[in-house]
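Some notes on the structure that comes next.
Each reported figure results from applying straightforward, stated rules to the coordinates on display, with no laboratory input. This one's a predicted model, so the numbers in the text were calculated from it and none came from an experiment. Neighbour counts run over all protein chains shown; Cβ positions are idealised from the backbone, glycine included.
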Amino acid sequence: MQITSILVPVDFSEDSYYALNHAIEIAQRRQCPLTILHVNHDESLLHHYLSEKEYEKLKQGALDDARIELEGMVERFPQLKEITYSYHIRRGIPYVEILEELEKNPVDLVVIGSHGRSNLDLKYFYGTTVEKIVRRAKTSVLVTRTAAKKNMK
């Protein structure tokens, strides 16, 4: 399998950091660039409850927090210094934005962390972000599970 570019969506959870660690290892071995994508959830319904000024402040604060977290990734993952990487922040529904990113900037591999168990009733009707990406992506997807999640029954 030819891998010349990798995308790893992160939501700053341990599951997504586990996936990022795998993505970095693959990027090092394949000597290919890595794109880290964070999607800020769309909280547009809040504009019904907040003033426009409060809503914009909340929205900007969330973007600023994400940017700070992404800029600090190299401290948490020093091996990023050994590869070519970039990060993007998008705003919206995570699976939609991840798929949009793949359409605009195709990659050879998506590495995404599984959150493991979910409410089965909700999962049955809606699916998880990971399931939606696996079903709809036109590229290979590697789903990672932390050791604790592998042992869940």
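Is it possible to state the helix-based mean residue ellipticity at 222 nm for the chain, with each DSSP H run of 4+ residues giving -39500 (n - 2.57), the sum divided by total residues, to the nearest 500 deg cm²/dmol? What is it?
Taken over the chain, the calculation gives -13500 deg cm²/dmol.
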Requested in this report: Grab segment 6-150 and count how many Lys pairs have their alpha-carbon atoms under 26 Å apart, sequence gap of 8 or more, or different chains.
Outcome: 11
Query - Neighbour-limited loop hits for chymotrypsin sites (Phe, Trp or Tyr not before Pro), segment 1-108 (at most 11 other Cβ within 10 Å; DSSP other than H, G, I, E, B) - result: Tyr49
Report summary line: Read-out Cα Rg over 2.2 N^0.38 Å, candidates [x] 1.09; [y] 1.15; [z] 1.66; calculated match is [x]
**Report entry** Formal net charge of residues neighbouring Pro106 (Cβ-Cβ distance under 13 Å; K, R +1; D, E -1)
**Finding:** -2
Query raised in the report: Contour minus end-to-end for Asp64 and Thr139, with contour as 0.36 nm per residue of separation and end-to-end as the Cα-Cα distance?
Result: 24.0 nm
Query raised in the report: What's the FRET efficiency of Thr128 with Glu54 using the Cβ-Cβ distance as r and R₀ = 30 Å, to the nearest 0.05?
Result: 0.45
Query - Extension gain from Glu25 to Ile93, taking 0.36 nm per residue of separation minus the Cα-Cα distance - result: 21.7 nm
Requested in this report: Could you tell me what percent of the DSSP beta bridges with both partners in segment 1-97 are antiparallel, to the nearest 5?
Outcome: 0 percent
Query raised in the report: Can you give the angle from 0 to 90° between the axis of helix 94-104 and the longest principal axis of the chain, with both taken from C-alpha atoms, to the nearest 10?
Result: 60 degrees
Query - the chain: angle of helix 14-30 to the longest principal axis, Cα-based, in degrees nearest 10 - result: 40 degrees
Requested in this report: Pairs of Cα atoms under 8 Å, at least six residues apart: use those to get the relative contact order of the chain, whole percent.
Outcome: 33 percent
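With charges set only on the Cβ (+1 for Lys and Arg, -1 for Asp and Glu), what does the dipole of segment 6-150 come to about its Cα centre, in debye to the nearest 20? Could the numbers behind the result be given before it?
On the way: 20 positive and 22 negative charges, 123 e Å.
Computed about the Cα centre, the dipole is about 580 debye.
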